[in-house]
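First up is the structure itself, then whatever we jot down about it.
The values are calculated or read from the model by the stated rules, or taken from the named source; none is laboratory data. Predicted model only: the values in this text are computed from it and were never measured. Note that we place each Cβ from the backbone using ideal geometry, even for glycine, and neighbour counts take in every protein chain shown.
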Amino acid sequence: PFTEPSIEIHIKHPVLGWFEMGGSGIFRPEVTKSLGIDEPVLAWGLGIDRMAMMHLGINDIRDLFSPNIDSVRTRRGN
């Protein structure tokens with residue numbers, strides 16, 4: 001909703017299905033003008049958290065940010 005035009009990168013995981021791995025675009029003027037920026041601004045990002053999900057075998061992204069330290073240790077294999 002903050003960039004236009006925009007592009008998204010999707011991948012297909014055998015269990016999780018299709019999901020967004022990254023995206024980019026030009027910030028919309030109503031976003032940058034309120035910050036005093038008149039020039040076009042490029043935004044981009046990669047879904048590093050989603051890569052971690054696949055590596056750790058996590059199906060729910062909320063589990064990746066669990067405050068439960070035992071859960072985190074289990075995922076790391078310690």
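Overview of results
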item: Scan of region 15-46 for residues that are over 19 Å from PRO5 (Cα atoms) and in contact with a strand residue (DSSP E or B) (Cβ under 8 Å, 6 or more places away or on another chain), ordered by number; result: TRP18, PHE19
item: Top-ranked residue of region 34-49 - restricted to ones that are at pLDDT 90 or above and touching a Gly at 6+ places or on another chain (Cβ under 8 Å), ranked as nearest to ASP60 (Cα to Cα); result: LEU46
